[in-house]
Amino acid sequence: MTTTTLATSSNRRADGENPATGSARWVRIVLTLATVAFIGIFVVLPLANVFAQAFSHGVSGYVHAFFADGPPRGVHMPVRERLKMITAASQARQTRSAIAMTLLVGTTAVVFNVVFGVAAAWAVGKFRFRGKTLLISLIDLPFSVSPVVAGLIFVLLFGREGVFGNWATHFKWPDPFSIYWRGFNGHWWPFGDDQQLEGIVFTPLGIVLGTIFVTFPFVARSLMPTVEAQGVEEEQAALSLGASGWQTFRRVTLPNIRWALLYGIMLCTCRAFGEFGAVSVVSGNTDANDTIPLRVEKLWQSYDSQAAFALASLLAGLALITLLIKGVVDWRRAATVRAGGGGVL
Amino acid sequence: MSVEVRNLTKSYGNFTAVKDVSLVVNTGQLVALVGPSGSGKTTLLRSIAGLEQPDPGAGTILLNGKDVAAEPVGRRKIGFVFQHYALFKHMTVGENVAFGLRVRPWRSRPSRQEIRKIVGELLDLVQLRGMERRYPSQLSGGQRQRIALARALATKPAVLLLDEPFGALDAKVRRELRQWLRQLHHDVGVTTIFVTHDQEEALEVADRVAVMNKGVIEQIGTPTEVYDHPATPFVQTFLGTVNLFRGRIAEDLQKSGETSNGRDPTSPGKATAFVRPHDVEISRLANGHPGLVGEVISTSMTGPTTRVYLQLSDSRELVEAELTRNRYHELALKIGDTVYVSWRKAKVFADDYSI
Ligand SMILES: Nc1ncnc2c1ncn2[C@@H]1O[C@H](COP(=O)(O)OP(=O)(O)OP(=O)(O)O)[C@@H](O)[C@H]1O
Ligand SMILES: [Mg+2]
């Protein structure tokens, strides 16, 4: 999904008749048809199929994949039926836990990558320094590294036998679900936690790391051209007018990069929620660590294709919403440019 | 507020953009910084503003006699107008002008009404009232420039630094804005340093002119001083068109007497006489004192004066002369005429001086 959105943005300026090819109208028609057919076969059809399969047992079947009741108490029913209901309920529970895991992990990764991406784009766009080209290629690295390899890197670093294995397996971190507010009385840190988790690999923390690694180019990459084109003068003007560093960022830098940032966040979110390879390696194949894509795979493997597609439809829906937002963003941007608000992005 | 720069040096890598520059600007003065492209004007201006740090230990900047090395840009009470305006594209004109007031800590921030009033006054000052709600992209170049100025003035800076304020504008608008800047400076009375590479602009507007070349200030003085008594051949050639007469130092060369760079003009040696076009005299007759012989190549009318281009018959060099209309008609020059060339006033520099 993400690749198609990238592709459409790059050939936006293809309208207008080209005199060199304009005479051969059939060329244009054939090319257009080929493109439409290609997109139809490889994008629209599979996407439609996802929803068709998800709803193959009707709306109730769709809902059933997420919310299935256990067998009612005190009611007599055949053991087979009972067992089926129990299984369905536990499957649905696991599906819900996978959704929660994805939301938690994905959001964390996106937050980190936004901070990192803005900082990186800033550093690369505004300053000249030695090794800048190297830094840019390093930012691009996750694009060229297979996600599975990325996952393996973390296992090899933090796994039991890994380079930092000793430290990592005993690394303690608070269970995010047990964090509570304890206030400032007597503490500098206002949060407390009841439960601690241990280790990095094969825990949600590992999944977060893997996801961050795989998705970190998205925000940085979508910001860089904008930040670079922006230059430093507006910010220096703000500083010379007495604005603090934060005010300058808030009132001058951010408004200028907001559309690019939004787009980057959307791409990053889609990828973070949909990441399979790296997460598959670092999650250790335990049910508790399943994210949506891992869960889809497991449901599929256990021949529950309707449930698999139902869950997959969530990701597909996210992609569609992203597309929609991108459309709105493009439209808004065009409107701002027309209204003379400056060509931002 | 007075501005003083002491022995400032600024390098980028191993390239020195500004070399050991010293400059004093008194309170309320309007000083022009002129020089060819790349001579370090912007660098000097940015160093004063605090947008560039001088090389470690190489230079002090004093505002009102106080060393401001530790003061960040925002605290120097400086209004900086950038070469390319640097207006905030996503803000309206009103928001742009109000920016410096709105970012103040709330204790010293004026109220909304006050801000609106100040913005209105400033827009009056720059003659752009009623444009509050436009975006910078909806303004002409000259209007943007004036908004940039209004924005800088909003915080009531004690020093105004303008980097080529009229750089991107056409000649007519430039001339208008030049007069307008002069008037504005007169009204507001703020110490102002402005950069330009247009010598005419500098001579016309400024109280004093500093001529920069290759990272050093070659001369500072009033427009009359730098124009009539240039300290170096560079200043002489940079400020206005000038004709070069090369020769040995002999009687004909030092006729007008004024020489420079400490060399006795009567001592033998090669030298060059610099003569402004309006100091060139053309006559039909060899009237007593020795003159050079030249041929009229072309003539062109430029308003009240006429320019005559001549080629000297011995050195084949081109000479530009500026004659009044009357004199031109008196002479009745035609292309191809042979005439005698001499000068009323020249500045002679011995040739060890490289330009
Ligand atoms: N950030 C920089 N890094 C490296 N060199 C620089 C930098 N800024 C300026 N320079 C160099 O310093 C020299 C002086 O530059 P500066 O911008 O001060 O010139 P200027 O007199 O303002 O020229 P112009 O009239 O073209 O604006 C130039 O040779 C320029 O190449
Ligand atoms: Mg400059």
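Selection over segment B:5-43 of residues that are away from chain A (no Cβ under 14 Å), of a type in the set (Gly, Ala, Ser) and either more than 15 Å from the chain's Cα centre (by Cα) or more than 16 Å from ligand 2 (Cβ to nearest atom) (or both) gives a count of 4.
Whether a residue is of a type in the set (Lys, Arg) and under 21 Å from A:Leu239 (Cα atoms) was assessed, and B:Arg6 does not pass this test.
Listed here are the residues, each with its yes/no results for (1) more than 16 Å from ligand 1 (Cβ to nearest atom); (2) closer than 15 Å to B:Val216 by Cβ; (3) in the same structural domain as B:Val119 (by TED's automatic domain parsing); (4) open to solvent by 30 Å² or more (accessible area, probe 1.4 Å).
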residue: B:Gly13; (1), (2), (3), (4): no, no, yes, yes
residue: B:Val18; (1), (2), (3), (4): no, yes, yes, no
residue: B:Gln29; (1), (2), (3), (4): yes, no, yes, yes
residue: B:Gly35; (1), (2), (3), (4): no, yes, yes, no
residue: B:Asp67; (1), (2), (3), (4): yes, no, yes, yes
residue: B:Ala70; (1), (2), (3), (4): yes, no, yes, yes
residue: B:Phe88; (1), (2), (3), (4): yes, no, yes, no
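If the condition is being without any contact (Cβ under 8 Å) to a residue 40 or more places away in the chain, under 15 Å from B:Phe82 (Cβ atoms) and either crowded, with 19+ Cβ neighbours inside 10 Å or within 11 Å of chain A (Cβ to nearest Cβ) (or both), then segment B:108-141 contributes no residue at all. All conditions in (1) part of a loop (DSSP other than H, G, I, E, B); (2) over 26 Å from A:Leu103 (Cα atoms) hold for A:Gly284, with the sole exception of (2).
Within segment B:144-192, if we keep just the residues that are among the aliphatic types (A, V, I, L, M), open to solvent by 40 Å² or more (accessible area, probe 1.4 Å) and more than 23 Å from B:Gly130 (Cα to Cα), the residue that is nearest to the other protein chains (Cβ to nearest Cβ) turns out to be B:Ala168. Residues in segment B:146-204 that are within 16 Å of ligand 1 (Cβ to nearest atom) and among the β-branched types (Val, Ile, Thr): B:Ile193, B:Val195, B:Thr196. Consider B:Gly74 against the criteria (1) within 16 Å of ligand 2 (Cβ to nearest atom); (2) not in a loop (DSSP other than H, G, I, E, B): it satisfies all of them except one. Which criterion is unmet? The one condition B:Gly74 does not meet is (1). For the criterion of being open to solvent by less than 30 Å² (accessible area, probe 1.4 Å) and without any contact (Cβ under 8 Å) to a residue 12 or more places away in the chain, A:Gly317 passes. Scanning segment A:199-246 for residues that are more than 27 Å from A:Phe177 (Cβ to Cβ) and outside any helix (DSSP H, G or I) returns A:Gly231, A:Val232, A:Leu241, A:Gly242, A:Ala243, A:Ser244.
Got at least one residue in segment B:81-99 being part of a strand (DSSP E or B), of a type outside the set (A, V, I, L, M, F, W, C) and within 16 Å of ligand 2 (Cβ to nearest atom)? The answer is yes, given that some residue of segment B:81-99 is part of a strand (DSSP E or B), of a type outside the set (A, V, I, L, M, F, W, C) and within 16 Å of ligand 2 (Cβ to nearest atom).
Can you name the strands (runs of 3 or more DSSP E) wholly within segment B:155-234 that have at least 3 residues being within 16 Å of ligand 2 (Cβ to nearest atom)? Talk me through it step by step, then tell me what you get.
Working: elements: B:159-163, B:191-196, B:208-213, B:216-221.
Passing ranges, in order: B:159-163, B:191-196, B:208-213.
The values are calculated or read from the model by the stated rules, or taken from the named source; none is laboratory data. The structure presented is a predicted model; accordingly, all values stated were derived computationally and were not measured. Glycine also receives a Cβ, built like all others from the backbone with ideal geometry; neighbour counts cover every protein chain displayed. Ligands, DNA and RNA are excluded from the accessible area calculation, which covers all protein heavy atoms including side chains. Shrake-Rupley method; radii C 1.70, N 1.55, O 1.52, S 1.80 Å.
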